[in-house]
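Report on the structure given below.
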Amino acid sequence: MRRIILLLGLVVGVSLATQAQVEIGDKAPDFKLTNTDYQKVALSDYSEHDGVILIFTCNHCPYAKFYEERINELHKNYAPQKFPVVAINPNDSVKYKTDGFSHMVKKGYAFPYLLDNEGVYKSYGATKTPHIFLLDNTSDGFKVAYIGAIDDSPQEASQVKVKYLEDAIKAVQAGKAANPALTKAIGCGIKPF
């Protein structure tokens, strides 16, 4: 019995160790996923932009719902500044019907909303919806400049005191490091395929 428990612990430890997770300054993993317009979208498609606001989100999570309008505003305000939003839904649409592709299409976002049926969230280390990764387009490609929450109020926009993501974007635009560069993402746990 003890051997079985040790073996199980080893298997769990190895599987956790093999799940990649980016850190600040790391090269951002590329992806190519299906958008709600049925076209494939890759990170490399944004090579002419200064950066990308990558958001792992979904349809059913209450936190993701609270942030929908703020995410729309981020795209509206920062896409013209060459920092567009790209959203990725990592949730299993079989177990969570409202996270299915047809429901994603109904959102009608002005930015790409991609279905992650390939586990891209693992390569970033995303664990929540929403979970933010601000990517800075450097001479060496996209680098992770900020990871975490959009702001300090996961429910009420009127209660926001610190806009972590917007502060990070402004720092990157000024050629500086985000401060803080890492905050705790608050939301529902990802329900993977």
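The values are calculated or read from the model by the stated rules, or taken from the named source; none is laboratory data. This is a predicted model, so every value here is computed, not measured. Counting neighbours? That spans all protein chains shown, and the Cβs are built from the backbone with ideal geometry, glycine included.
Is there a residue being in contact with a helix residue (DSSP H, G or I) (Cβ under 6 Å, 6 or more places away or on another chain), under 21 Å from residue 156 (Cβ atoms) and crowded, with 18+ Cβ neighbours inside 10 Å anywhere in segment 91-111? For segment 91-111, residues in contact with a helix residue (DSSP H, G or I) (Cβ under 6 Å, 6 or more places away or on another chain), under 21 Å from residue 156 (Cβ atoms) and crowded, with 18+ Cβ neighbours inside 10 Å: absent.
Selection of helices (runs of 4 or more DSSP H) fully inside segment 93-193 by the criterion of at least 1 residues being basic (Lys, Arg) and touching a strand residue (DSSP E or B) at 6+ places or on another chain (Cβ under 7 Å) returns 101-107. Against the test of being of a type in the set (Lys, Arg) and within 14 Å of the chain's Cα centre (by Cα), the options 122, 170, 176, 163 yield a single qualifying residue, 122. The residues listed here are 151, 116; of these, the one that is surrounded by 15 or more Cβ atoms within 10 Å (Cβ to Cβ), charged (D, E, K, R), in contact (Cβ under 8 Å) with a residue 12 or more places away in the chain and in contact with an Asp or Glu (Cβ under 9 Å, 6 or more places away or on another chain) is 151.
Counting only strands (runs of 3 or more DSSP E) that sit completely within segment 21-78, those holding 2 or more residues that are touching a Leu at 6+ places or on another chain (Cβ under 6 Å) and surrounded by 21 or more Cβ atoms within 10 Å (Cβ to Cβ) correspond to 51-56.
Annotation for segment 27-49: no member residue is modelled with pLDDT under 95 and at negative phi.
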